[in-house]
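Below: one structure, written as structure tokens.
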Amino acid sequence: MGPPVQEAPSALVLRPLGLGDLLTGVPAIRAVRAAVPDHRLVLATTEALRPLAELIDAVDEVLPARELEPLDWTGPPPELAVDLHGKGPASHVVVADLHPRRLLTFDSPGYPGPTWYADEHEVRRWCRLVSEGLGVDADPDALDLAVPAVPPPVTGASVVHPGAAFPGRRWPPDRFAAVARHLAERGHDVRITGGPSEVELAAEVARSAGLGPEAVLAGRTTSLELAAVVAAARLVVCGDTGVAHLASAYRRPSVVLFGPVSPALWGPPPRAQHVVLWHGDGTGDPWGTGLDPALAEVTVDEVTGALDALPEK
């Protein structure tokens, strides 16, 4: 018998947040893979995001995680652990408790590392952490996601996504309805997307736009099916939410409406097919309970004009 086969060393990357957070972390995750190509790369993220996390070509395994809670890690300590969650120290403890040989975090008391800059774009922030910490190039434009194997319920649709995690980031439904009506009148196959909690919102938008119930996809798609719909979409219009990041990941033409948060921090990459509308100053509340004043300033005419001017490819 030959010598026993040794297990590959492992690298653990922590990113247990929302869909947009996961997708903005993809370039940094790819950079970690480039730094340790022979490691088994484990991504710790929420169970709900597992199907989409498995579409990241750099990831070998997904470990279900809960924000700022200890990880259910088994086996020997990882050779490398990377905190892509926050500036610490609360999230740093989660990865440090695995006792990795190497630990990469932003600088905070007890954890030396690169400096955190509050005004840095989310994608570039994590790319810089990995680049400075591991000495590899990190391409902020490497946002692409594999297309799901599941067939989309519709192809070539113009996706209108009226929901967002907090009211401050939700453009009014009647305005989304006016945009949906505009697209339908121009021959687009308009579909209204959303999660299970957004079914009534989507139905309201569809009714106000004069669309039938078949236009409502909210609550009828899995996360993979939603990703497949966006990957095969004609265009996407939405607020500052996870679907905007899916449009970037699949390079679909999109118009994204920003309000409390500056697109300089969370906006799509600088590509011709992604248009941002924003009238803010970056001082709004992203967790606000009422419509952000800057988002309220975005008009229907602005959105329809931007949609009509999108390059379709």
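The values are calculated or read from the model by the stated rules, or taken from the named source; none is laboratory data. Being a predicted model, the structure only gives us computed values, none of them experimental. Positions of Cβ are generated from backbone atoms using ideal geometry, with glycine treated the same way; all protein chains shown enter the neighbour counts.
Miscellaneous remarks
- Single residue of segment 102-123 satisfying the filter (farther than 18 Å from ARG33 by Cβ and of a type in the set (D, E, K, R)) that is modelled with the lowest pLDDT: ASP119
- Test: residue in segment 91-111 that is small (Gly, Ala, Ser), assigned to a helix (DSSP H, G or I), touching a residue at least 24 places away in the same chain (Cβ under 8 Å) and within 27 Å of PRO51 (Cβ to Cβ): yes
- Options ASP281, ASP292, ASP240; residue that is of a type in the set (Asp, Glu), farther than 23 Å from SER158 by Cβ and surrounded by 16 or more Cβ atoms within 10 Å (Cβ to Cβ): ASP292
- Residue in segment 65-87 that is more than 18 Å from GLU122 (Cα to Cα), assigned to a helix (DSSP H, G or I) and at pLDDT 95 or above present: no
- Residue match in segment 275-290 (condition: in contact (Cβ under 8 Å) with a residue 60 or more places away in the chain, within 12 Å of PRO162 (Cα to Cα) and not assigned by TED's automatic domain parsing to the domain that holds GLY25): no
- Pairing each residue of segment 115-126 that is within 20 Å of LEU22 (Cβ to Cβ) with any residue that is of a type in the set (D, E, K, R), provided the two are 6+ apart or on different chains, yields C-beta distances under 9 Å for TRP116/LYS87; TRP116/ASP107; TRP116/ARG125; GLU120/ARG128; GLU122/ASP21; VAL123/ASP141; TRP126/ARG15.
- When SER223, SER208 are screened for being free of Cβ contacts under 8 Å to residues at least 60 places away in the same chain, surrounded by fewer than 23 Cβ atoms within 10 Å (Cβ to Cβ) and among the polar types (S, T, N, Q), only SER208 passes.
- Residues of segment 22-54 that are surrounded by fewer than 19 Cβ atoms within 10 Å (Cβ to Cβ), more than 21 Å from THR105 (Cβ to Cβ) and aliphatic (A, V, I, L, M): ALA48 alone.
- Just one of the listed residues (PRO140, PRO162) is not assigned by TED's automatic domain parsing to the domain that holds GLY194 and not acidic (Asp, Glu), namely PRO140.
- For segment 31-42, the criterion of being under 30 Å from TYR250 (Cβ atoms) and touching a Cys at 6+ places or on another chain (Cβ under 7 Å) is satisfied by at least one residue.
- Selection within segment 184-241: residues that are among the polar types (S, T, N, Q) and within 15 Å of the chain's Cα centre (by Cα). The member of this set that is nearest to GLY305 (Cα to Cα) is THR241.
- Evaluating ARG251 against the criteria (1) in contact with a helix residue (DSSP H, G or I) (Cβ under 7 Å, 6 or more places away or on another chain); (2) not in a strand (DSSP E or B) leaves one unmet condition, (1).
- Residue, nearest to ALA232 (Cα to Cα), within segment 168-182, restricted to residues that are within 25 Å of the chain's Cα centre (by Cα) and in a helix (DSSP H, G or I): ALA180
- Where GLY239 falls short, out of the listed (1) within 21 Å of GLY168 (Cβ to Cβ); (2) out of contact with any Lys or Arg (no Cβ under 6 Å at 6 or more places or on another chain): (2)
- Residue tally, condition farther than 15 Å from LEU84 by Cα and touching a strand residue (DSSP E or B) at 6+ places or on another chain (Cβ under 8 Å), over segment 101-127: 1
- Pairs where the first residue, in segment 231-256, is assigned by TED's automatic domain parsing to the domain that holds ALA296 and the second is aromatic (Phe, Trp, Tyr) and in a loop (DSSP other than H, G, I, E, B), C-beta under 6 Å, 6+ apart: ALA231/TYR250; GLY239/TRP171; ASP240/PHE258
- Helices (runs of 4 or more DSSP H) within segment 1-63 that include 3 or more residues of a type in the set (Val, Ile, Thr): 26-35
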